[in-house]
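Take a look at the structure below.
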Amino acid sequence: MKMGITRTHVMSARSLVITLITVGAVTGGNLWIHSGDPPIGYVRYTGHGLSFDYTAEMSQVESDLGGFGPTTDSGGSVQVRYRDADRLEQYGVMWVKSKIMPTYLAHTPESALDYLFEVVGIGGTQITDRSQYMTTTTDGHDVIYQTFGVPESGLTIPGIIGVWYCEETGRFLMFYLVFVEDFENIEIPFQGLEQMWHDYLNDLTCHGIQSEC
Amino acid sequence: MESPIQQAGRLHFIDFARGLVMMIMAWDHVSGFWMQVHGGLEGIYPYRNPALDFTLFMARFVSHWCAPTFVFLSGVSLALSVRNRLSRGDSQEEITLHIIKRGLLLLLFETLLVSPAFDLPYLYFGVIAAIGVSLIIFSVGRRLPTAAILVISLVIILNHQWLDLSWIPMDAAWGHYLRRIIHEPGFTWPPYFALYPVIPWIAVMGLGWTFGNFLHGFDREKLPRLKLPLAATGVASIVLFFLVRWMNGYGNLVRRWSNNILDWLYISKYPPSIAFLLWTLGGMCLFLALGLLIEKRGRSNKNVSGAIHTFGRVPLFFYLTHLWLYRVRLPGVPVPFHLDLLQTLGLWAVGLVVLWALCARYEKIKRRYPRFLQYI
């Protein structure tokens with residue numbers, strides 16, 4: 001018997017309905033169970049009054065800042081990093097309270113950033129090519145930001161860092177990104193890097209997280 | 001008893017769709033071998049490469065159609081081949097053994113011929129290995145009713161993003177590799193590299209298996225009637241793709257950071273998200289519809305269309321040959337210089353002409369020694 005488009009032996013209409021109901025039930029159940037989760041494929045960091053999402057492939061580390069912390073009330077950092085043979089992507093947020101900054105510094109976002117680079121330099125990481133400041137906003141705060149370079153193995157890895165004062169938590173917050181797509185071709189258009197930094201920055205919540213603020 | 005479609009021989013529209021994506025795949029590989037900037041690892045990298053402008057981004061993006069079409073049509077071919085063997089009197093055990101042998105051979109090809117072509121370690125788990133393992137699983141799984149295979153496939157595709165393998169240790173080599181192969185592609189711990197995890201790719205093959213069984217009972221003369229449903233399915237899938245990207249939640253795996261067109265199109269291939277499969281399998285449906293149109297007009301063996309069909313009839317030979325043809329150099333030898341976009345396009349076109357001649361020649365040899373070359 002020849003069969004046409006309206007009838008095949010693969011499955012009956014009843015089987016098809018059961019198929020759709022089963023698949024719908026399993027998928028709907030999973031959507032309901034996971035409704036409060038971070039976006040699929042991402043991990044949500046929540047701590048020290050901060051929250052942001054990063055992909056499961058990245059490693060996350062909390063550390064202190066020049067011997068202070070990491071505590072919510074002094075200074076510290078949360079950074080995430082992905083590295084393989086070709087690519088480096090690292091970003092993170094650092095915070096510092098005025099009370100742990102040296103008294104010789106004016107307690108402004110610019111000086112907080114200077115202080116951070118000083119601490120990082122003591123830790124052995126050179127920072128070069130700091131650009132002029134640019135401005136943006138995040139989470140209701142005014143942000144100043146600049147590009148910089150990190151020399152490594154004869155290359156200069158490009159990065160962007162921004163700093164702002166979070167009135168709600170009374171601390172300076174700095175958000176940075178260093179990124180290399182391909183170590184054999186390190187040229188990255190600034191606009192692309194800046195857009196990436198902005199996107200990650202906009203994902204960060206710097207206050208109002210649980211009771212820590 | 002043979003079905004009407006088996007009596008009629010090869011399905012040219014399947015060969016056309018497969019041949020077309022093989023050509024596109026060759027473009028992706030030649031540009032990866034020779035161009036300085038080439039996109040990739042979408043999904044493993046959550047953010048698109050900022051160095052790619054629109055043209056370079058699209059040069060990579062078009063290649064997304066390849067793997068899903070390749071895997072889906074592997075399922076179609078498997079279903080038709082199994083039916084064919086059953087109708088000519090092969091036993092279930094013989095068929096199972098044949099499929100297992102083919103799967104193992106694919107794993108061997110991946111290790112010995114494909115991985116070195118990409119300068120990757122021999123343990124690299126790519127699309128050929130994924131098809132190989134899927135075939136081995138299907139050698140037994142095929143005994144399930146088609147409806148059950150369809151349910152399992154759809155459940156995997158729609159739910160694999162919640163698969164939790166954290167109970168397998170990631171800091172032990174075996175656990176790391178196992179997780180990479182099962183569901184978590186990655187490139188961080190050499191040599192345990194994997195890009196095409198069995199889940200969810202086996203489910204794409206399952207969809208192909210279902211479609212193959214659907215085709216099996218079809219009258220060849222009525223095949224052109226499939227053109228409209230295929231085209232409608234393709235368009236609907238692509239519309240759904242845009243809906244999923246617009247919602248920017250379930251089904252994406254890689255979020256859409258902005259309304260930039262490149263962010264809309266930067267989708268997770270590793271592993272394939274629902275958005276990725278909607279776009280690519282939707283495109284495949286359109287290619288199949290186009291193949292039916294060409295077949296109806298009797299142009300399956302003419303000019304460029306004839307070359308595309310030739311590629312589609314000997315896909316594994318094409319795959320293994322094109323890698324080394326375009327690579328040109330020995331394993332481990334770095335690229336001596338880079339080509340720009342136009343030069344790479346030229347190399348691609350010249351390579352396709354050479355491949356056409358080689359594939360046509362191989363097809364004749366295969367016809368002469370069908371038993372000896374049945375697995376390639």
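The values are calculated or read from the model by the stated rules, or taken from the named source; none is laboratory data. A quick note: this is a predicted structure, and the numbers were derived from the prediction, not measured. Note that we place each Cβ from the backbone using ideal geometry, even for glycine, and neighbour counts take in every protein chain shown.
Check off (1) within 13 Å of another protein chain (Cβ to nearest Cβ); (2) assigned to a helix (DSSP H, G or I); (3) surrounded by fewer than 20 Cβ atoms within 10 Å (Cβ to Cβ) for B:ASN259 and give me the number that stays unchecked.
Unmet condition: (2).
Taking B:ARG245 and the conditions (1) under 29 Å from B:PHE16 (Cα atoms); (2) within 14 Å of another protein chain (Cβ to nearest Cβ); (3) modelled with pLDDT of 95 or more, which numbered condition does it fall short on, given that it satisfies the others?
(1)
Yes or no: B:VAL198 within 8 Å of chain A (Cβ to nearest Cβ), of a type in the set (A, V, I, L, M) and under 30 Å from A:ALA85 (Cβ atoms)?
Details: within 8 Å of chain A (Cβ to nearest Cβ): no; of a type in the set (A, V, I, L, M): yes; under 30 Å from A:ALA85 (Cβ atoms): yes.
Answer is no for this residue.
B:PRO190 is checked against (1) crowded, with 19+ Cβ neighbours inside 10 Å; (2) at the interface with chain A (Cβ under 9 Å from one of its Cβ atoms) and fails just one. What number does that condition carry?
(1)
It is to be established whether one or more residues within the stretch B:218-233 are over 24 Å from B:THR55 (Cα atoms), of a type in the set (Val, Ile, Thr), more than 16 Å from the chain's Cα centre (by Cα) and surrounded by fewer than 23 Cβ atoms within 10 Å (Cβ to Cβ).
Let us first name the residues in the stretch B:218-233 that are over 24 Å from B:THR55 (Cα atoms), namely B:218-233.
Okay, now just the ones that are also of a type in the set (Val, Ile, Thr), so B:233.
Adding the requirement that they be more than 16 Å from the chain's Cα centre (by Cα) leaves B:233.
Filter once more, so that each one left must be surrounded by fewer than 23 Cβ atoms within 10 Å (Cβ to Cβ): B:233.
Within the stretch B:218-233, one or more residues are over 24 Å from B:THR55 (Cα atoms), of a type in the set (Val, Ile, Thr), more than 16 Å from the chain's Cα centre (by Cα) and surrounded by fewer than 23 Cβ atoms within 10 Å (Cβ to Cβ).
Looking at the structure I just gave you, is B:HIS38 surrounded by fewer than 23 Cβ atoms within 10 Å (Cβ to Cβ) and closer than 27 Å to A:ALA56 by Cα? Talk me through it step by step, then tell me what you get.
On the way: surrounded by fewer than 23 Cβ atoms within 10 Å (Cβ to Cβ): yes; closer than 27 Å to A:ALA56 by Cα: yes.
The answer is yes for B:HIS38.
Just the residues that are surrounded by 12 or more Cβ atoms within 10 Å (Cβ to Cβ) and aliphatic (A, V, I, L, M), please, taken from the stretch B:327-348.
Across the stretch B:327-348, the qualifying residues are B:VAL328, B:VAL335, B:LEU339, B:LEU341, B:LEU345, B:LEU347.
Output the number of residues of the stretch A:135-151 satisfying the condition of being more than 20 Å from the chain's Cα centre (by Cα) and modelled with pLDDT of 85 or more.
Step one: list which residues in the stretch A:135-151 are more than 20 Å from the chain's Cα centre (by Cα), which gives A:151.
Those left that are additionally modelled with pLDDT of 85 or more: none.
Summing the residues that are more than 20 Å from the chain's Cα centre (by Cα) and modelled with pLDDT of 85 or more in the stretch A:135-151 gives 0.
If the requirement is being touching a residue at least 60 places away in the same chain (Cβ under 8 Å), surrounded by 14 or more Cβ atoms within 10 Å (Cβ to Cβ) and of a type outside the set (Gly, Ala, Ser), which of these qualifies: B:TRP324, B:TRP356?
Among B:TRP324, B:TRP356, only B:TRP324 is touching a residue at least 60 places away in the same chain (Cβ under 8 Å), surrounded by 14 or more Cβ atoms within 10 Å (Cβ to Cβ) and of a type outside the set (Gly, Ala, Ser).
Please pick out the residue among B:ILE199, B:ILE274, B:ILE181 that is farther than 30 Å from A:SER12 by Cβ and touching a residue at least 40 places away in the same chain (Cβ under 8 Å).
Values: B:ILE199 fails: farther than 30 Å from A:SER12 by Cβ; B:ILE274 fails: farther than 30 Å from A:SER12 by Cβ.
The match here is B:ILE181.
Is it fair to say B:ALA148 is facing chain A (nearest Cβ under 10 Å), out of contact with any Gly (no Cβ under 8 Å at 6 or more places or on another chain) and either at pLDDT below 95 or closer than 30 Å to B:GLU93 by Cα (or both)?
In short, yes.
Considering only the stretch A:119-168, state which residues are among the acidic types (Asp, Glu) and under 22 Å from A:GLU89 (Cα atoms). I'd like the intermediate steps shown before the answer.
Within the stretch A:119-168, the subset among the acidic types (Asp, Glu) is A:129, A:139, A:142, A:152, A:167-168.
A:ASP129, A:GLU152, listed by residue number.
For the stretch B:274-323, which residues satisfy the criterion of being in a loop (DSSP other than H, G, I, E, B), on the phi < 0 side of the Ramachandran plot and of a type in the set (Gly, Ala, Ser)?
B:SER300
When the stretch B:37-70 is examined, which residues are found to be touching a residue at least 24 places away in the same chain (Cβ under 8 Å) and assigned to a strand (DSSP E or B)?
B:GLU42 - this is the single residue of the stretch B:37-70 that is touching a residue at least 24 places away in the same chain (Cβ under 8 Å) and assigned to a strand (DSSP E or B).
Restricting to the stretch A:30-45, count the residues that are over 21 Å from B:GLY43 (Cβ atoms) and either more than 9 Å from chain B (Cβ to nearest Cβ) or of a type in the set (Asp, Glu) (or both). Show your work before the answer.
Quick first cut of the stretch A:30-45, residues over 21 Å from B:GLY43 (Cβ atoms) only: A:32-33, A:35-36.
Among the residues that remain, those that are also either more than 9 Å from chain B (Cβ to nearest Cβ) or of a type in the set (Asp, Glu) (or both) are: A:32, A:35-36.
Number satisfying all stated conditions: 3.
If you scan the stretch A:79-101, which residues turn out to be touching a residue at least 40 places away in the same chain (Cβ under 8 Å), surrounded by fewer than 20 Cβ atoms within 10 Å (Cβ to Cβ) and within 14 Å of chain B (Cβ to nearest Cβ)?
Correct list: A:ALA85, A:ASP86, A:ARG87, A:LEU88, A:GLN90.
Kindly indicate whether B:ASP164 is closer than 24 Å to A:PRO38 by Cβ, in a helix (DSSP H, G or I) and within 11 Å of chain A (Cβ to nearest Cβ).
Values: closer than 24 Å to A:PRO38 by Cβ: yes; in a helix (DSSP H, G or I): no; within 11 Å of chain A (Cβ to nearest Cβ): yes.
For B:ASP164, the condition - closer than 24 Å to A:PRO38 by Cβ, in a helix (DSSP H, G or I) and within 11 Å of chain A (Cβ to nearest Cβ) - is not met.
Identify the single condition in (1) surrounded by fewer than 22 Cβ atoms within 10 Å (Cβ to Cβ); (2) within 11 Å of chain A (Cβ to nearest Cβ); (3) over 24 Å from B:GLY103 (Cα atoms); (4) at pLDDT below 95 that B:PRO169 does not satisfy, given that it satisfies every other one.
Condition not satisfied by B:PRO169: (2).
Under 8 Å between Cβ atoms, which residue pairs at least 6 apart in sequence (or on different chains) link something in the stretch B:211-226 that is more than 7 Å from every other protein chain (Cβ to nearest Cβ) with a partner that is surrounded by 15 or more Cβ atoms within 10 Å (Cβ to Cβ) and acidic (Asp, Glu)?
The qualifying pairs are B:LEU223/B:GLU295; B:PRO224/B:GLU295.
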